[in-house]
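Structure record follows, encoded as structure tokens.
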Amino acid sequence: MLAGAGRRGLPRAGHLCWLLCAFTLKLCEAEAPVREEKLSVSTSTSPCWLAEEFVVTEECTPCSNFQIKTTPECGSTGYVEKITCSSSKRNEFKSCRSALLEQHLFWKFEGVVVAVALVFACLVIVRQRQLDRKALEKVRKQIESI
């Protein structure tokens, strides 16, 4: 008989698959407005670094409290670098990601992965012991019945 036959709806694995698909779709929808907003910016008010070559004059540094409130480039990452566009010679700020911040985020992610792996390893060990006890009890009962 097929898995899930006679039951209403999808089998358990099907529910998980649909849940993952819905979650992925929600993530894509959450990112879509940002992309549209970036595309709708006119070229006259867009930063020069989108259309021109540029040179970084100040490396990626954390924004000060004042910069966070006044400079929109600081809003997304909290870090900003000063650039000079080659053709127009305009000085502008550009949002950037700090290597140190990326390193911290990477190690936090690695820590979470190791913690989850340890939790599931412990669950496997506990379940294996339960199954071993059940098997031993079954064998013991069979031996006693002889």
task: Determine which single condition residue 142 fails, assuming it passes every other condition in (1) among the polar types (S, T, N, Q); (2) open to solvent by 100 Å² or more (accessible area, probe 1.4 Å); (3) in contact with a Pro (Cβ under 9 Å, 6 or more places away or on another chain).
output: (3)
message: Can you go through 81, 59 and tell me which one is modelled with pLDDT of 85 or more, part of a strand (DSSP E or B) and open to solvent by 70 Å² or more (accessible area, probe 1.4 Å)?
response: 59
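The values are calculated or read from the model by the stated rules, or taken from the named source; none is laboratory data. Just so you know, these numbers come straight off a predicted model, no measurement behind them. Neighbour counts run over all protein chains shown; Cβ positions are idealised from the backbone, glycine included. Accessible surface is based on the protein model in full, side chains and every heavy atom, while ligands, DNA and RNA are left aside. Shrake-Rupley method; radii C 1.70, N 1.55, O 1.52, S 1.80 Å.
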